[in-house]
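Remarks on the structure that follows.
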Amino acid sequence: MIKGKLNRVAFLYANNIFAGTIEEFRDQYQEFYRFTYDPAYSEKYPPIGHAFPTNQMIFEYNHLPPFFQNLSSEGWIRTFQTKKANLSKEDSFGLLLENGSELIGALSVKKERV
């Protein structure tokens, strides 16, 4: 079960179709994450990845899952993006929020639901 206060929310799209939300919760010690499929998406469309089957609606973690961490940039691009957004290099979720609408591939991450 997630503990802490809701800190940030991202909206995940697969092929421009709203797939679900990624929420970051924070307590005084660490962050927790929850991915929740949108019910309309899980009824009609394939999973966003093999670790996220659509027969399960909610996934909770005490860290940002590698699936989402790997969507953020690496190397000199990560350095550039973190400086531009005034973020820590370790803040993969923040990088997704700031740059997720420009990901290569089927997935995109946005700050607002459109």
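The values are calculated or read from the model by the stated rules, or taken from the named source; none is laboratory data. Bear in mind that the values here come from a model prediction, so they are computed numbers and not experimental data. Cβ coordinates were reconstructed from backbone atoms using ideal geometry, including for glycine residues, and neighbour counts include every protein chain displayed.
Looking at (1) out of contact with any Leu (no Cβ under 7 Å at 6 or more places or on another chain); (2) at pLDDT 95 or above; (3) within 18 Å of G105 (Cα to Cα), which is the one condition that is false for I48?
(1)
Taking the conditions exactly as written (touching a helix residue (DSSP H, G or I) at 6+ places or on another chain (Cβ under 9 Å), under 16 Å from N7 (Cβ atoms) and surrounded by 12 or more Cβ atoms within 10 Å (Cβ to Cβ)), does E60 satisfy them or not?
When the stated conditions are applied, E60 does not pass them.
Go through the range 1-49 and give me each residue that's among the β-branched types (V, I, T) and either closer than 13 Å to F59 by Cα or touching a Lys or Arg at 6+ places or on another chain (Cβ under 7 Å) (or both).
Of everything in the range 1-49, those that are among the β-branched types (V, I, T) and either closer than 13 Å to F59 by Cα or touching a Lys or Arg at 6+ places or on another chain (Cβ under 7 Å) (or both) turn out to be I2, T21, I22, T36, I48.
Only one residue in A51, A10, A85 is of a type in the set (A, V, I, L, M), surrounded by 11 or more Cβ atoms within 10 Å (Cβ to Cβ) and within 13 Å of the chain's Cα centre (by Cα). Which one?
Of the residues listed, the single one that is of a type in the set (A, V, I, L, M), surrounded by 11 or more Cβ atoms within 10 Å (Cβ to Cβ) and within 13 Å of the chain's Cα centre (by Cα) is A10.
Out of the residues in the range 73-100 that are in a loop (DSSP other than H, G, I, E, B) and not polar (S, T, N, Q), which is nearest to N7 (Cα to Cα)?
That would be D91.
May I ask you to say which residue of F80, F35, F68 is surrounded by 11 or more Cβ atoms within 10 Å (Cβ to Cβ), over 19 Å from I104 (Cβ atoms) and either among the hydrophobic types (A, V, I, L, M, F, W, C) or at pLDDT 95 or above (or both)?
Step by step, each of F80, F35, F68 is checked, and only F35 is surrounded by 11 or more Cβ atoms within 10 Å (Cβ to Cβ), over 19 Å from I104 (Cβ atoms) and either among the hydrophobic types (A, V, I, L, M, F, W, C) or at pLDDT 95 or above (or both).
Taking only pairs six or more apart or across chains, which ones have beta-carbon atoms under 6 Å, a first residue in the range 1-26 that is at positive phi, and a second residue that is of a type in the set (V, I, T)?
Final answer for the pair search is G20/T36.
Among the residues of the range 47-81, which ones are under 19 Å from N15 (Cβ atoms), without any contact (Cβ under 8 Å) to a residue 24 or more places away in the chain and not aromatic (F, W, Y)?
Passing the criteria: P47, G49, H50, A51, P53, T54, N70.
From the set of residues in the range 101-114 that are assigned to a loop (DSSP other than H, G, I, E, B) and of a type in the set (A, V, I, L, M, F, W, C), which is modelled with the lowest pLDDT?
In this case the residue turns out to be V114.
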